[in-house]
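Working notes for the structure below.
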Amino acid sequence: MCGIGGVFYADPNRPVEPEILVGMAAIQYHRGPDGFGYQVLPDRGVGFAHARLSVIDLDPERGRQPFVSADGQYLIAHNGEFYDYKRLRADLTSRGYRFHSKSDTELVIHLTDRLGLAGALPCLRGEFAFALYERQQDRLTLVRDRFGVKPLYWAKIDGGLVFGSEIKVLLAHPALQARFSSEGLYHQLMQTMVPGTTCFEGIHAVAPGQTVTVHRQDGELLIRTDTYWDLNFPLLHERDSHRSETDYIEEFRAHFVEAIQLRLEADVPVACYLSGGIDSCSILGVAAACQQSPIKAFTIGFDDSDYDETAIAREMATAVQADQDILAVDGHQLYDHFARTIWHTERSIYNTFTVAKMLMSQHVREAGYKVVITGEGSDELFAGYPQMRLDMILHGMADAPPAERAELEAWLAESNRLFKGNLLAENRLEDAALNEVVGFTPSSLQSWLSSAVHVPGLLSPHHRHRLDGYAPGQAIAAALDGEQLSDRHPLDKAQYVWIKTQFESQVLGWAGDRVDMANSLEARPAFLDHPLVEFAVTLPPAMRLRDRQDKYILRETMKPLLPETLYKRQKFAFMAPPSHTDSVKERAMRSLASTYLAKNRVQAAGLLDPGAVQAILDRHGDTATAVAERVQLDAVINHLLSVQILHSHFVANNVAQQAQADARRHGWSAHTPATAYP
């Protein structure tokens, strides 16, 4: 895992400034503190930069990127991991291809040479984002993995294009200045992003499973986006109804074990994240069986028993003889490190578990680990979230008696009462645009769309005027692929929408890669091994949800490994206690608000309405305010803090100057020899 960046100029004779490339690497030092490299193709107006976290092939010179192929045809900078790379390398070697390093990155060069990039992509297994320049075609292609585990952004500048693993990498080029878009600001305050967008004007995210291809033509850049992979839930009439439960379980077991075995492959020690959930406990159980020595397991503990899961995690660790390390996080810490977390997330957050995850990644790194296996993806594949269960009850059980559906809905609401107003909307909402595309308004979007009606009143007059008539549900619906939603089961639709919206930007983004790599820690989500996923989408709804049991196939497959308490326990969302739950957190939040939400700071940024911000703070502090509303107000305040801090970090601050200062501080300079082909 690393960080990449680069430039592609419309004029091939325009010089690429090495100092800018070095700054692009240095501003993301946290992603790759083990070394850096850059490459310039002076006759092509192309330059790539790379900050390295050494996990595969630890040799500091042989594994240094960017790589240029021996014949000069390919230039590549890669972030991430390709699994099963040893088998692929052996196959290519037997075909006469010569490898100059043990790095998995070289696979792309040789696979592309043999099959073309379109033919190479299906062979790549793992989490990755890379940039590939092909000299003969004079073509730059940006590629992101199937789910978007690894981030990748791009933006047009005067006479060219910049790209990078993080937004700050793009801003390291002095030609690009950060500026909030009105629509981006709106979505920061309502949590749910429009896929492919950011909060900043003109800065785009490469979407999961897509490529962005850039050509030159008549002094201009032509940009094309293509999809190379999608979930492809079966059409209703294509579902196989003849397989037995045992067949499904055995096939899942084989995929799951293989996915974990592959993710234990590294030239450095590999640990596991362990919560009290069935996902991470299942991974730990299999990983412990694969290892000869006790596997290291890291757990976050909170100072609120309603949110703390350490007891169950401890029981699991003991059962498989793992070496468990528990990090206890106090409420005040969550706001003490809030601003630093936003520097890394580059977008708003609604709950401070993101901060807790960043503190955990720091703890794991200080313990000597660079790689952890994580449980992200299980809820997405097997309908673990309460919102998906609600959609199943409302839209996927048409043949069930109304009384049964009402009873299940009441049970779901009661068992998830802590998250009322957050994960589950307090009142049902219908959005016409989403109804048209999906067939209903997914519950995963309803709580955020409910809060969105309050957003215009929080905005400054300038942004409020520009957004007059803006419909966030319509914007999200327009970004979804209607063909992937047509003629699918309602549960498939609910999962697809979540995966294309909240999963990529939230679970994998600001709660995943961004806060793990903030401390140079590579996270490997085993459930997102794409052969496993391609099997999982074929599962009938009853193998995902059955009666009151979520993630049915995972529970039944892993039953022999799991403590009975965990096997019987339903999904519990991993969240930090909101600020209103005790006075310590409340004071910490208020202290941060006194700085970033002060009237003069709000007026200077020009994003928010100072009076409306104060009204939210007053309403939150009123003990007469209903609990469900205070839960929602907690999220709103976190969003308000986030956008003000984002402005401070990226708009008010000159990131390009900071990048050059970071390069000097780390001793990285343009005078350092650029990497050669390994």
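The values are calculated or read from the model by the stated rules, or taken from the named source; none is laboratory data. Since the structure is predicted, the reported quantities are computational estimates derived from the model, not experimental observations. FYI the Cβ positions are ideal-geometry reconstructions off the backbone, even for glycines, and counts take in every protein chain you see. Side chains are part of the model used for accessible areas, which takes the heavy atoms of the whole protein and leaves out ligands, DNA and RNA. Shrake-Rupley method; radii C 1.70, N 1.55, O 1.52, S 1.80 Å.
Figures for the structure shown
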item: Index of the failed condition, Phe256 passing every other in (1) closer than 20 Å to Arg125 by Cα; (2) open to solvent by 20 Å² or more (accessible area, probe 1.4 Å); (3) of a type in the set (A, V, I, L, M, F, W, C); result: (2)
item: Complete set of residues in segment 578-604 that are buried (at least 18 other Cβ atoms within 10 Å of the Cβ) and aliphatic (A, V, I, L, M); result: Ala588, Met589, Leu592, Ala593, Leu597, Val602
item: Failed criterion for Lys585 (all others in (1) outside any loop (DSSP other than H, G, I, E, B); (2) modelled with pLDDT of 85 or more hold); result: (2)
item: In segment 41-74, residue most open to solvent (accessible area, probe 1.4 Å) [restricted to those that are part of a strand (DSSP E or B) and touching a helix residue (DSSP H, G or I) at 6+ places or on another chain (Cβ under 6 Å)]; result: Tyr74
item: Yes/no for Gln474 being in a helix (DSSP H, G or I), modelled with pLDDT of 95 or more, closer than 15 Å to Met193 by Cβ and open to solvent by 10 Å² or more (accessible area, probe 1.4 Å); result: yes
item: Residue list for segment 536-550, restricted to those being of a type outside the set (Gly, Ala, Ser), open to solvent by 10 Å² or more (accessible area, probe 1.4 Å) and not in a loop (DSSP other than H, G, I, E, B); result: Pro541, Arg546, Gln549
item: Which numbered condition Asp468 fails, given (1) without any contact (Cβ under 8 Å) to a residue 60 or more places away in the chain; (2) open to solvent by 30 Å² or more (accessible area, probe 1.4 Å); (3) assigned to a helix (DSSP H, G or I); result: (3)
item: Residues (open to solvent by less than 40 Å² (accessible area, probe 1.4 Å), at pLDDT 85 or above and small (Gly, Ala, Ser)) located in segment 401-433; result: Ala433
item: Pairs where the first residue, in segment 196-215, is touching a residue at least 60 places away in the same chain (Cβ under 8 Å) and the second is open to solvent by less than 20 Å² (accessible area, probe 1.4 Å) and aromatic (Phe, Trp, Tyr), C-beta under 8 Å, 6+ apart; result: Cys199/Phe180; Phe200/Phe180; Phe200/Phe650; Pro208/Phe147; Gly209/Phe147; Val214/Phe8
item: Whichever residue in segment 278-309 is closer than 19 Å to His363 by Cβ, in contact with an Asp or Glu (Cβ under 8 Å, 6 or more places away or on another chain) and in a loop (DSSP other than H, G, I, E, B) and, among such residues, is most open to solvent (accessible area, probe 1.4 Å); result: Pro294
item: Residues (within 21 Å of the chain's Cα centre (by Cα) and either in a loop (DSSP other than H, G, I, E, B) or modelled with pLDDT under 95 (or both)) located in segment 4-32; result: Ile27, Gln28, Gly32
item: Residue count, segment 482-497 (criterion: over 12 Å from Leu231 (Cα atoms) and in a helix (DSSP H, G or I)); result: 4
item: Test for Asp662: is it in contact (Cβ under 8 Å) with a residue 24 or more places away in the chain and assigned to a helix (DSSP H, G or I); result: yes
item: Residue match in segment 88-100 (condition: open to solvent by less than 30 Å² (accessible area, probe 1.4 Å), on the phi < 0 side of the Ramachandran plot and within 26 Å of the chain's Cα centre (by Cα)); result: no
item: Considering residues of segment 500-519 that are at pLDDT 95 or above, open to solvent by 10 Å² or more (accessible area, probe 1.4 Å) and not charged (D, E, K, R) only, the residue farthest from Ala478 (Cα to Cα); result: Asn519
item: Total residues in segment 310-337, condition open to solvent by less than 20 Å² (accessible area, probe 1.4 Å) and over 14 Å from Ile295 (Cβ atoms); result: 5
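Residues are listed down the side, and each one gets a yes or a no for (1) assigned to a helix (DSSP H, G or I); (2) open to solvent by 30 Å² or more (accessible area, probe 1.4 Å):
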residue	(1), (2)
Val613	yes, no
His620	yes, no
Arg630	yes, yes
Ser642	yes, no
Phe650	yes, no
Asn653	no, yes
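Here is a yes/no grid of residues against (1) over 23 Å from the mean Cα position of the chain (by Cα); (2) within 30 Å of Tyr369 (Cβ to Cβ); (3) open to solvent by less than 20 Å² (accessible area, probe 1.4 Å); (4) of a type in the set (Phe, Trp, Tyr):
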residue	(1), (2), (3), (4)
Glu183	no, no, no, no
Val212	no, no, yes, no
Gln217	yes, no, no, no
Arg224	yes, no, no, no
Phe233	no, no, yes, yes
Leu264	no, yes, no, no
